[in-house]
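Bear in mind these aren't lab numbers, they're just calculated from the coordinates by the rules spelled out. Keep in mind it's a predicted model, so treat the numbers as computed, not measured. Neighbour counts run over all protein chains shown; Cβ positions are idealised from the backbone, glycine included.
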Amino acid sequence: MERLDFLRELGNIGIGHATTALSEMLQGKLLRLVVPDARILPFEEAAAYIGGLDEIVAGIFMQISGDVTGHMAFILPIESARTLVELLTQRHGTDEEIFDELGRSALEEIGNIMITSYLNALSALTDLVMSPSIPALAIDMAGAVWESVLAGALVDEAVTIIRTDFSADGVDIGGNIVLLPDEEEFQKIEHALGLEDF
Amino acid sequence: MPKTVLITDDTAFMRMTLKNVIQKNGYIVVGEAADGEEAVAKYLELRPDLVTMDITMPKMDGITAIKEIMRHDPNARIIVCSAMGQKPMVIEALNAGAKDFLVKPFDADRVIEALRKAAP
Amino acid sequence: MQEVFVNMGEIRALARTGVLTTVGLGSCVGVALYDSVAQVGVMGHVFLPTARRRNETVDMPGKYADTAIPALIDEAVRLGAQKRRLWAKLAGGANLFPNLTTSNGNIGSQNIKAVLENLALHDIPVVGQDVSGSHGRKMRFFVEDGRVTVTAIGKEPIDI
């Protein structure tokens, strides 16, 4: 199996669980899940991958410890973040009203549940523990959030990206779930699954 | 007498969600804690019939908090409500004395069922 | 007016006219070097203080503070600047996730420190900066006169 196929499969399983989790939070409102895309990008291309560098996004960032270490992030456009928070808190208002303490904590919890569900799926598959840290949230320029995630994970070479889009009740909600394992860590997952080193 | 509940979760949103569900079903939420330390302190102060416990929290994690509470009160009835549902974590929580382990996201019925079972 | 974008790890230069722009500085530090006599400007977008693997040749010197500063100076000199006339302006080095206790620490402040140390090593004075905090920044460097404007969401633009 090619490494990318393997990653795509891991992404499928993880993101399948993560979006199911989100769907449950939204009481089944989630309708459609676009097949995840997995790719390994050289650093130069990773910088531009997130697109629209000065557009505003919400980013939830977590560190993974345990048998497998690394970082994960859930990055979504501000409009998607707003829609999710409105659906979850049943409130409407200006950005400032929506992203108050309660709104921000709802976003953190969405990120936490999606990322942790993803890890739970990988853990069940591999019997390896992947413990997430407390989620951290930033609402800022996409470029600033993205580079802070990459730098926080010390990813300065190739970047492994697993991305998905989904929509709810006719409202488009899109997002990227990004898994950034520490360099040697994929081998542990591969080994646990009985796969040869590529 | 309605049963009393202490809610522990580091996110305000999840505390609010749990509180709504629990109060709608005839329980009294007597306190909320945002981390393990606060949960232990509030448990000793409020002596609730039931506790909901998150795992990943600042200052003191949920597993440590369960152990602390059980050390003070071996009859404490604690239900874990956590996104982290990996097998070794579930086993550790149950060994520490938790009565049940709910993996987030959960529906309201499942929470109430767990509370009823833990404190009939 | 020509606007040249400087992505993570890149180094770009202009002479006489145009704008060098870095969009979305988070923990990275944008470094502008300028020679006002030659009207030469170079800009870097520094990602980490130093390469983690010392033995590897660095394919993108602009990524790391310790390789970026000499590379920025070389590029300025190549376009006609004199090293002794160069000054620097900095922006960025924020910590967007102050709640996250990561084992890697606060990369933003490590970047600022490394950039300042390497500039000092080459005797380049820092004449303006807008660094730290927990918000992202956009940095625009006008090569005609060396003006640097920093913008952030919900904040008034400032000249440094």
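Results, tabulated for the structure shown:
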read-out	value
Partners for A:LYS188 among lysines (Cα-Cα distance below 24 Å; same-chain residues under 8 apart left out)	B:LYS87
Reciprocal of mean inverse Cα separation for the stretch A:3-183 (Kirkwood radius, Å)	16.3
Reachable lysines from B:LYS59, criterion Cα separation under 19 angstrom, eight or more residues apart if same chain	B:LYS42, B:LYS67
Translational D in µm²/s for the stretch A:72-178 (Stokes-Einstein at 10 °C, 1.306 mPa s, Kirkwood Rh from C-alpha pairs)	105
Leading residue at positive end of dipole, the protein assembly as shown (Cβ point charges), from A:MET130, C:MET43, C:THR149	C:THR149
Under 18 Å from the Cα of C:LYS89 - lysines, other chains or at least 8 residues apart	C:LYS63, C:LYS113, C:LYS138
Relative contact order computed over chain C (Cα-Cα under 8 Å; 6+ residues apart), in percent	27
Alpha-carbon Rg/Rh ratio, for the stretch C:69-160, with Rh computed the Kirkwood way	1.01
Sorted largest first, extent of chain C alpha carbons per principal axis (Å)	46, 43, 24
Hull shadow area, averaged, the protein assembly as shown [alpha-carbon convex hull, nm²]	24.5
Karplus 3J(HN,Hα) series, Hz, for the stretch A:81-86 with 6.51 cos²θ - 1.76 cosθ + 1.60 (x for Gly, Pro)	4, 4, 4, 4, 5, 5
Label point distance in nm, A:GLU9-C:THR17, each placed 7 Å from Cα along Cα→Cβ	5.9
Whole-number Å³ per residue for the convex hull built on Cα positions in the stretch B:4-118	84
Under 5 Å, built H, 5+ apart or other chain: amide partners of B:GLU32	B:ILE7
Diffusion constant of the stretch A:35-96 at 10 °C, which comes from Stokes-Einstein with the Kirkwood Cα-pair radius and 1.306 mPa s, µm²/s	110
